[in-house]
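Colleague: The structure is given below, and queries will be raised subsequently.
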Amino acid sequence: LELMRKCEYGGMNDILVHTYELTGEKKYLDLSYKFHDQFVLGQLEKGIDALQGKHSNTNVPKAIGCARRHEVANTAGDKKIANFFWDTMVGHHNYEYLGEPDKLSNRLSDNTCETCNTYNMLKLTRFLYTWDPKASYADYYERALYNHILASQNPDDGMMCYFVPLRMGTKKRFSRPFNTFTCCVGSGIENHSKYTEGIYYEGKDGSLIVNLFIPSELNWKDKGVTIRQESKFPEDGRI
């Protein structure tokens with residue numbers, strides 16, 4: 001079983017915890033632990049950076065599953081994994097094929113920055129922000145959304161990038177409608193339907209938090225208030 005878990009098994013723990021959340025049947029929560037590897041997650045729970053040499057997007061969905069399991073089952077170990085994983089990825093690694101911590105310049109290429117990876121990091125960040133609304137989470141979310149997700153779509157035909165290249169002198173290559181279907185086409189289609197996520201949050205004191213400068217209208221039913229945000233950010237800094 002542990003040998004199987006060394007391969008990419010997607011967000012199976014997340015899916016099973018969510019199924020438990022929807023059905024209330026504990027067998028799904030129990031089954032989610034079959035997809036909890038000691039190879040990476042067991043190390044992260046101990047506060048050990050086990051990510052060097054790993055494929056990042058194999059592991060981000062695992063951390064998302066741990067975050068969801070903490071939310072529905074109040075599991076302290078899963079919360080530690082989700083927090084430590086985010087801190088380690090954003091502070092010392094990030095991007096696609098994880099090398100030595102804090103060293104990146106010699107590994108920038110056409111295949112460094114996979115769109116799926118950022119799609120999943122944004123999902124994990126939303127979990128962590130609702131637990132602890134730190135500016136560092138909101139800042140990361142904004143930068144990743146604008147610099148990568150928004151930049152990954154072809155404005156002419158809506159097609160998306162598998163990788164947004166980071167090597168000097170290269171250019172983006174977009175998917176084609178009928179003969180390209182990578183993982184980043186699947187999540188890429190979803191990416192551009194999710195710009196409403198993460199704009200507004202309600203603070204624990206009942207305040208309104210505006211995290212993203214995206215033109216939008218908020219119908220805040222609890223307060224009986226409608227708020228409209230008008231902006232051309234980042235072309236114009238006036239909000």
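The values are calculated or read from the model by the stated rules, or taken from the named source; none is laboratory data. Predicted model only: the values in this text are computed from it and were never measured. When we count neighbours, we look across all protein chains shown, and the Cβ atoms used for this are built from the backbone with ideal geometry, even at glycine. We work out accessible area using only protein heavy atoms, side chains counted, and drop any ligands, DNA or RNA first. Shrake-Rupley method; radii C 1.70, N 1.55, O 1.52, S 1.80 Å.
Colleague: Would you mind stating whether MET168 is open to solvent by 60 Å² or more (accessible area, probe 1.4 Å) and farther than 28 Å from ARG228 by Cα?
Modeller: Working: open to solvent by 60 Å² or more (accessible area, probe 1.4 Å): yes; farther than 28 Å from ARG228 by Cα: yes.
Spelling it out, MET168 is indeed open to solvent by 60 Å² or more (accessible area, probe 1.4 Å) and farther than 28 Å from ARG228 by Cα.
Colleague: I've got another one for you. Name the residue that is nearest to GLN229 (Cα to Cα), counting only residues in segment 174-200 that are open to solvent by 60 Å² or more (accessible area, probe 1.4 Å) and either in contact with a Pro (Cβ under 8 Å, 6 or more places away or on another chain) or polar (S, T, N, Q) (or both).
Modeller: Quick first cut of segment 174-200, residues open to solvent by 60 Å² or more (accessible area, probe 1.4 Å) only: 174, 176-179, 181, 183, 189-190, 193, 196-197.
Going one step further and asking which of them are either in contact with a Pro (Cβ under 8 Å, 6 or more places away or on another chain) or polar (S, T, N, Q) (or both), we end up with 179, 193, 196.
Numbers: ASN179: 39, SER193: 18, THR196: 12 Å.
Of everything passing the filter in segment 174-200, THR196 is nearest to GLN229 (Cα to Cα).
Colleague: Could we say that ILE239 is in a loop (DSSP other than H, G, I, E, B) and under 18 Å from ASP139 (Cα atoms) here?
Modeller: Values: in a loop (DSSP other than H, G, I, E, B): yes; under 18 Å from ASP139 (Cα atoms): yes.
It is true that ILE239 is in a loop (DSSP other than H, G, I, E, B) and under 18 Å from ASP139 (Cα atoms).
Colleague: Then there's this: Tell me, which residue of segment 97-116 that is of a type in the set (D, E, K, R) and open to solvent by 50 Å² or more (accessible area, probe 1.4 Å) is farthest from ASN147 (Cα to Cα)? Spell out the reasoning first.
Modeller: Filtering segment 97-116 down to residues of a type in the set (D, E, K, R) leaves 100, 102-103, 107, 110, 114.
Filter once more, so that each one left must be open to solvent by 50 Å² or more (accessible area, probe 1.4 Å): 100, 102-103, 107.
Details: GLU100: 24, ASP102: 20, LYS103: 20, ARG107: 19 Å.
Only one residue tops the list, namely GLU100.
Colleague: Follow-up. Given the criteria polar (S, T, N, Q), at pLDDT below 95 and assigned to a helix (DSSP H, G or I), does ASN111 qualify?
Modeller: Considered against the rule, which asks whether it is polar (S, T, N, Q), at pLDDT below 95 and assigned to a helix (DSSP H, G or I), ASN111 comes out as no.
Colleague: While we're here: Please verify whether segment 219-232 includes one or more residues that are surrounded by 10 or more Cβ atoms within 10 Å (Cβ to Cβ), under 26 Å from MET121 (Cβ atoms) and acidic (Asp, Glu).
Modeller: Scanning segment 219-232, I find no residue that is surrounded by 10 or more Cβ atoms within 10 Å (Cβ to Cβ), under 26 Å from MET121 (Cβ atoms) and acidic (Asp, Glu), so the answer is no.
Colleague: Continuing with this model, one more query. Restricting attention to segment 6-28, which residues are in a helix (DSSP H, G or I), within 19 Å of HIS55 (Cα to Cα) and open to solvent by less than 30 Å² (accessible area, probe 1.4 Å)?
Modeller: Filtering segment 6-28 for residues in a helix (DSSP H, G or I) gives 6, 12-23, 26-28.
Now narrow it down to the ones that are within 19 Å of HIS55 (Cα to Cα): 6, 12-14.
If the condition is that a residue be in a helix (DSSP H, G or I), within 19 Å of HIS55 (Cα to Cα) and open to solvent by less than 30 Å² (accessible area, probe 1.4 Å), then ASN13, ASP14 are the ones that fit.
Colleague: Taking only segment 191-202 into account, find how many residues are over 12 Å from LEU150 (Cα atoms) and charged (D, E, K, R).
Modeller: Quick first cut of segment 191-202, residues over 12 Å from LEU150 (Cα atoms) only: 196-202.
Still in the running and charged (D, E, K, R): 197, 202.
So the answer is 2.
Colleague: Scan segment 49-96 residue by residue and report those that are modelled with pLDDT of 95 or more and open to solvent by 50 Å² or more (accessible area, probe 1.4 Å).
Modeller: Matches in segment 49-96: ASP49, GLU71, ASN74, ALA76, LYS79, LYS80, PHE84, ASP87.
Colleague: Follow-up. I need the full set of residues from segment 29-63 which are out of contact with any Pro (no Cβ under 9 Å at 6 or more places or on another chain) and in a loop (DSSP other than H, G, I, E, B), in order please. I'd like the intermediate steps shown before the answer.
Modeller: To start, the set of residues in segment 29-63 that are out of contact with any Pro (no Cβ under 9 Å at 6 or more places or on another chain) comprises 29-48, 50, 53-63.
HIS36, ASP37, LYS46, GLY47, ILE48, ALA50, GLY53, LYS54, listed by residue number.
Colleague: Identify, by number, the condition in (1) open to solvent by less than 40 Å² (accessible area, probe 1.4 Å); (2) in a helix (DSSP H, G or I); (3) in contact (Cβ under 8 Å) with a residue 40 or more places away in the chain that ALA144 doesn't meet.
Modeller: Here ALA144 meets the rest and fails (3).
Colleague: Scan segment 201-217 for residues that are surrounded by 15 or more Cβ atoms within 10 Å (Cβ to Cβ) and under 16 Å from ARG126 (Cβ atoms) and jot them down. Explain how you work it out, then say what you get.
Modeller: First, the residues of segment 201-217 that are surrounded by 15 or more Cβ atoms within 10 Å (Cβ to Cβ): 201, 210-214, 216.
The answer is TYR201, VAL210, ASN211, LEU212, ILE214.
Colleague: Of the conditions (1) open to solvent by 70 Å² or more (accessible area, probe 1.4 Å); (2) out of contact with any Cys (no Cβ under 7 Å at 6 or more places or on another chain); (3) over 30 Å from HIS70 (Cβ atoms), TYR162 clears all except one; give me its number.
Modeller: Exception for TYR162: condition (2).
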